[in-house]
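Presented below is the structure to which this report refers.
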Amino acid sequence: MQNAKVKMQRGRCNRWGLYCLPFALCLVHYSAVSAQQLLDRVLARIGTEAITQTDVQAPLEFGLIDAGSATDPAAVQLAIDRQLTLNEVARFPPSEPPGNEVEQQLATMKARVGDRLDAVMQATGLDENRVRGLARDTLRIRSYVQQRFGIKAQVGEDEARKYFDEHRDEFTRNGKPLTFEEAPPDAPQRAPAVRIQSAIAQWLEDLRGRSAVVLVMSASPATPPPAPRAD
């Protein structure tokens, strides 16, 4: 009789353990997810869209934004600008970048981190497909900016001479100033480059003004970062 009671109690314990197991696994899963979310802290928001530390660190590591660290206010702002631009790209999408160009961009990004690739991917939680997505987004941004601002537009001689006259200190050889005719062949293209960079900077400022951008976690305010390069 006593053995029967022991068996019954053990059966109840086993059944109770089976009932509790899924709940326990849920708790473990929740704890792991919570820990991951705590590590990937939110640095800013664009409306309801979160910009996390990973959103800053990943493009920083792969050379898609240029700043000191993932918590640098300049890095956060550049990540915000990148996302604002991607939002515009989604509204007016350019042609899809060819697969070979995506792979080339991906190879360039991987070459930048070199032997640290596995460590960077582990630290950011990115897999191969998400890194490839960063490469694709970078090409889409580049194509959109080129189309919008006419990167390949040529400059006239009058504008080139005006730029030359206003920036004579840029055109010297062995410490001696050059004439316009002696300036390097690429000199005339510096004028539209400056003009385009100025236009991009103003466009980004307008995007920020139209968007509900809120910095959640940031260091002390810094000088606004330069506009993204259009090349």
Quick check on this structure: which one of A67, A75, A123 is surrounded by fewer than 19 Cβ atoms within 10 Å (Cβ to Cβ) and over 21 Å from A193 (Cβ atoms)? A123
Which of (1) closer than 16 Å to V76 by Cβ; (2) of a type in the set (A, V, I, L, M); (3) at pLDDT 65 or above is the odd one out, the single condition A219 does not satisfy? (3)
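Per-residue answers, yes or no, for (1) assigned to a helix (DSSP H, G or I); (2) at pLDDT 80 or above; (3) open to solvent by 70 Å² or more (accessible area, probe 1.4 Å); (4) not polar (S, T, N, Q):
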{"position": "L134", "(1), (2), (3), (4)": "yes, yes, no, yes"}
{"position": "R148", "(1), (2), (3), (4)": "yes, yes, yes, yes"}
{"position": "Q154", "(1), (2), (3), (4)": "no, no, yes, no"}
{"position": "Y163", "(1), (2), (3), (4)": "yes, no, no, yes"}
{"position": "F180", "(1), (2), (3), (4)": "no, no, no, yes"}
{"position": "P188", "(1), (2), (3), (4)": "yes, no, no, yes"}
{"position": "A191", "(1), (2), (3), (4)": "yes, no, no, yes"}
{"position": "V194", "(1), (2), (3), (4)": "yes, no, yes, yes"}
In the range 82-130, residues that are in a helix (DSSP H, G or I) and over 29 Å from R210 (Cα atoms) total 28
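The values are calculated or read from the model by the stated rules, or taken from the named source; none is laboratory data. Bear in mind the structure is a predicted one, so any value in this text is a computation, not a measurement. Because the Cβ atoms are built from the backbone with ideal geometry, glycine has one as well, and the counts that use them run over all protein chains shown. Areas reflect the complete protein model, heavy atoms only, side chains present, ligands, DNA and RNA absent. Shrake-Rupley method; radii C 1.70, N 1.55, O 1.52, S 1.80 Å.
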